[in-house]
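Heads up, the thing below is written out as structure tokens.
The values are calculated or read from the model by the stated rules, or taken from the named source; none is laboratory data. Since we're looking at a predicted model, the values are computed, not measured. Heads up, the Cβs are rebuilt from the backbone with ideal geometry, glycines too, and the neighbour counts pull from every protein chain shown. Ligands, DNA and RNA are excluded from the accessible area calculation, which covers all protein heavy atoms including side chains. Shrake-Rupley method; radii C 1.70, N 1.55, O 1.52, S 1.80 Å.
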Amino acid sequence: AVVSEEAASQTETAHVPDTFILVDPLDGTREFIDGRDEFTVNIALVEGNTPAAGVIVAPARGMIWRGWNGLGAERFALSLGGAPLSTTHEPIRTRTQPPTAPRVLISRSHLDSATDAYVDGLPQAQRIPCGSALKFALLAEGSADLYPRLAPTSEWDVAAGHAVLLAAGGDVRKPDRTALRYGQSDFCVPDFIAFGDATRPPPLP
């Protein structure tokens, strides 16, 4: 079964099977409209309410990140200028979070007051504005440490990035550190904190 953002209103969560695919064909609509390269296509395989595998495609950057929980994550640099399509593979891994001055990804278009206040409370946090699920990809490849979002979003915005980040050594949790579960009512994710260093859970809000 496939659930996409455009068809979610026609899908009853009670009828979603244990294994299904979540698709967001355009994540970062505002960035796309504004001509930025921070929009993505997100595809996730969910098994037992948990993201098992994910793919994040950034067409304007010519990049793909993918991961399968337990098998690792990798990044592809795409050459689209001529046929045939060529790819170079590069394994990726999250980084160890420093004790101070974490690199914190924040939404470029949807920053809310609760998230803003949370980041203000982190020691010498370095803010990095970014759009779409690209934030999960940057965490997975070790370019940043945290991505908090303390406002509602949708499962198709999160699941693929969650899977890639898990495969790369990080995690995504509710602010109380309990697990996110997918295939829930209205496919809504009330809030979450994504972090690259799974051995160093982020501070509670």
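Observations on the model:
- Relative contact order computed over the chain (Cα-Cα under 8 Å; 6+ residues apart), in percent: 22
- Förster radius 35 Å - calculated FRET efficiency between Gln124 and Phe20, Cβ distance, rounded to 0.05: 0.25
- Modelled this way, with points 7 Å down the Cα-to-C-beta line, the labels at Glu6 and Ala179 are 3.3 nm from one another.
- Candidates Ala140, Ala179, Ala52, ranked by Gaussian network fluctuation over the chain, Cα under 10 Å, top entry: Ala179
- What the phi angles of the stretch 122-131 give under the Karplus curve with 6.51, -1.76 and 1.60, with θ = phi - 60°, is a coupling list of 7, x, 6, 4, 9, 7, 10, x, 7, x Hz, glycine and proline written as x.
- Approximate spin-label separation Thr153-Ile33, in nm, with each point projected 7 Å along Cα-to-Cβ: 1.8
- Calculated mean residue ellipticity at 222 nm for the chain: -4500 deg cm²/dmol, from DSSP H runs with n ≥ 4 weighted as -39500 (n - 2.57), summed, divided by the residue count and rounded to 500.
- For the chain: accessible area per residue (Å², 1.4 Å): 47
- Reduced Cα scattering model of the chain, Debye log10 I(q)/I(0), q = 0.19 Å⁻¹: -1.42
- DSSP-defined beta bridges in the chain - what % are antiparallel, rounded to 5: 85
- Mean-square fluctuations from a GNM of the chain, with a 10 angstrom spring cutoff on Cα atoms, peak among Leu111, Leu150, Leu134 at Leu111.
- For the stretch 70-78, the Karplus equation 6.51 cos²θ - 1.76 cosθ + 1.60, evaluated at θ = phi - 60°, returns couplings of x, 10, x, 10, 8, 10, 10, 9, 9 Hz by residue, with Gly and Pro reported as x.
- The gain in end-to-end length when the Asp186 to Thr96 segment is fully stretched comes to 28.9 nm, 0.36 nm per residue minus the alpha carbon separation.
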